[in-house]
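Colleague: Encoded as structure tokens, here's the structure I'll be asking about.
The values are calculated or read from the model by the stated rules, or taken from the named source; none is laboratory data. As the structure is a prediction and not an experimental result, all values here were calculated from the model. Don't worry about glycine lacking a Cβ; one is built from the backbone with ideal geometry, like all the others, and counts go over all protein chains shown. Only protein heavy atoms, including side chains, enter the accessible area calculation; ligands, DNA and RNA are left aside. Shrake-Rupley method; radii C 1.70, N 1.55, O 1.52, S 1.80 Å.
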Amino acid sequence: MTLQLEVANLQKRFGGLVAVNDVNFSLQAGEIVGLLGPNGSGKTTVLNMISGALQADGGRVVFRGTELTRQKPHRIAQHGVARTFQLVRPLPTLTVAENVLVSFAFGRYRHWGREAEKLVEEKLEFVGLEGRGRERVGNLTYIDQKRMELARALASEPSLLLLDEWLAGLNPSELKTGIELVQHLQGAGITILLVEHIMEAVRALCTRCIVMNAGQIIASGPSAEVLQQKEVILAYLGDDHA
Ligand SMILES: Nc1ncnc2c1ncn2[C@@H]1O[C@H](COP(=O)(O)OP(=O)(O)O)[C@@H](O)[C@H]1O
Ligand SMILES: [Mg+2]
């Protein structure tokens with residue numbers, strides 16, 4: 001096993017609220033690990049600190065031996081960490097290909113011109129949008145927007161991908177497709193930290209889970225074991241959205 005990501009004593013405060021309180025975990029290369037917990041438990045804030053969108057108040061993020069703590073998002077992307085956002089934010093007036101193309105400017109390996117176009121086509125093919133680069137984003141179905149979002153994240157050739165409720169809102173057949181896409185990413189050697197509420201997806205994808213509640217990790221271990229722990233079930237039952 002190769003250590004990919006190490007998060008140690010991570011802390012984030014918003015005024016008087018401790019949103020992330022002494023969070024510790026690590027990811028091995030090639031794993032898909034679920035980051036679970038009721039709404040407001042601090043999951044997105046953890047992803048924000050790993051990706052550099054938010055500065056940590058304390059603790060460290062080490063990725064493949066390099067300290068990423070408090071580095072700028074574009075630097076972190078260049079080290080091979082990519083993410084999707086909980087709320088999809090495509091640039092609606094651009095085409096599918098243009099949306100992916102803009103992501104290349106911030107990637108680990110920067111590409112321009114013909115070479116970039118070729119890579120865009122390659123990523124679109126990978127996510128199942130082969131030959132659809134010229135379509136307007138506004139006309140895409142929801143699953144196809146999700147595919148495009150994934151292609152954008154892949155533009156930076158990530159070795160770690162942070163997925164923030166990427167499967168939310170899909171209908172049952174789209175969910176099946178979405179799960180297969182995540183498996184496809186793992187097959188390509190990408191390590192994945194998956195924030196997810198859909199238990200069917202967690203069971204299908206995650207060998208391990210980390211569960212947060214009120215900013216702290218309350219359970220972690222093999223998915224099947226963690227998901228039946230009393231503390232975990234209680235944390236979810238206490239939340240309207242779970
Ligand atoms: N930018 C922010 N400013 C103030 N409070 C925030 C901010 N982001 C998140 N929070 C608060 O931090 C807590 C954790 O939020 P979040 O990480 O989004 O939880 P989750 O993703 O698990 O639902 C919540 O109470 C939320 O309201
Ligand atoms: Mg969230």
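Colleague: With the contact rule set at Cα under 8 Å and sequence spacing of 6 or more, what percent relative contact order holds for the chain? Walk me through the numbers before you get to the answer.
Modeller: Working: 480 pairs, mean separation 63.1, N = 242.
Across the chain, relative contact order equals 26 percent.
Colleague: How large a share of the accessible area of the stretch 1-85, in percent, is made up of carbon and sulfur atoms when the probe is 1.4 Å and the other protein chains stay in place?
Modeller: On the way: 1670 of 3490 Å².
C and S fraction of accessible area: 48 percent.
Colleague: Right, another one. Viscosity 0.890 mPa s, temperature 25 °C: give me the Stokes-Einstein translational D for the stretch 101-211 in µm²/s, with Rh taken as the Kirkwood radius over C-alpha pairs.
Modeller: Values: Rh = 14.7 Å.
Stokes-Einstein gives a translational diffusion coefficient of 167 µm²/s.
Colleague: If you don't mind, there's one more thing I want to ask. Can you put Thr95, Thr207 in order of accessible area, largest first, using a 1.4 Å probe?
Modeller: Details: Thr95 20, Thr207 95 Å².
Sorted descending by solvent-accessible area, the residues read Thr207, Thr95.
Colleague: Oh, and also: So, in nm, how far is label Thr66 from label Thr177 when the simple model puts each one 7 Å beyond its Cα toward the Cβ?
Modeller: 3.5 nm
Colleague: For the pair Ala204 and Lys118, how long in nm is the line joining their label points, each one 7 Å along Cα→Cβ?
Modeller: Inter-label distance under the simple model: 3.5 nm.
Colleague: Also: Using Cα springs under 10 Å in a Gaussian network model of the chain, which residue among Gly34, Gly221, Gly16 shows the largest mean-square fluctuation?
Modeller: Fluctuation is largest for Gly16.
Colleague: Set the Förster radius R0 to 35 Å, insert the Cβ-Cβ distance between Leu3 and Thr141 as r into 1/(1 + (r/R0)^6), and round the FRET efficiency to 0.05. Don't skip to the end; give the middle numbers.
Modeller: Working: r = 39 Å, r/R0 = 1.11.
Calculated transfer efficiency: 0.35.
Colleague: For labels at Asn24 and Ala224 in the simple 7 Å Cα→Cβ model, what's the distance in nm?
Modeller: Computed distance between label sites Asn24 and Ala224 equals 2.8 nm.
Colleague: What's log10 of I(q)/I(0) for the stretch 1-138 at q = 0.12, 0.21, 0.22 Å⁻¹, Debye sum over Cα points only, no solvent?
Modeller: Result of the Debye calculation: -0.60, -1.24, -1.29.
Colleague: Continuing with the same structure: So if each residue of separation counts as 0.36 nm, and I subtract the Cα-Cα distance between Arg75 and Glu130, what length gain in nm does that give?
Modeller: In short, 16.8 nm is gained.
Colleague: Could you tell me what percent of the DSSP beta bridges with both partners in the chain are antiparallel, to the nearest 5?
Modeller: On the way: 23 of 39 bridges.
Antiparallel: roughly 60 percent of the beta bridges in the chain.
Colleague: Provide the solvent-accessible area of Arg208, counting protein heavy atoms only and rolling a 1.4 Å probe, rounded to the nearest 10 Å².
Modeller: 60 Å²
Colleague: At 1.4 Å probe size, with every protein chain present, just tell me what the per residue accessible area of the chain comes to in Å².
Modeller: On the way: 11340 Å² over 242 residues.
Here the per-residue accessible area is 47 Å².
Colleague: Grab the alpha carbons of the chain, take their convex hull, and tell me the volume per residue in Å³.
Modeller: Working: hull volume 30.2 nm³, N = 242.
Enclosed volume per residue, from the Cα hull, is 125 Å³.
Colleague: In the full protein assembly as shown, how much of His197 is accessible to a 1.4 Å probe, in Å² to the nearest 10?
Modeller: Rounded to the nearest 10, the figure is 40 Å².
Colleague: May I ask you to derive the relative contact order of the stretch 133-242, considering only C-alpha pairs under 8 Å and at least 6 residues apart, and to give it as an integer percent? Provide the component values of the computation, followed by the final result.
Modeller: Values: 90 pairs, mean separation 20.8, N = 110.
After rounding, I find 19 percent.
Colleague: Something else now. Leaving out ligands, DNA and RNA, and with a 1.4 Å probe, what % of the accessible surface on the stretch 154-242 is carbon or sulfur?
Modeller: Working: 2030 of 3940 Å².
After summing per-atom areas, the C and S share lands at 52 percent.
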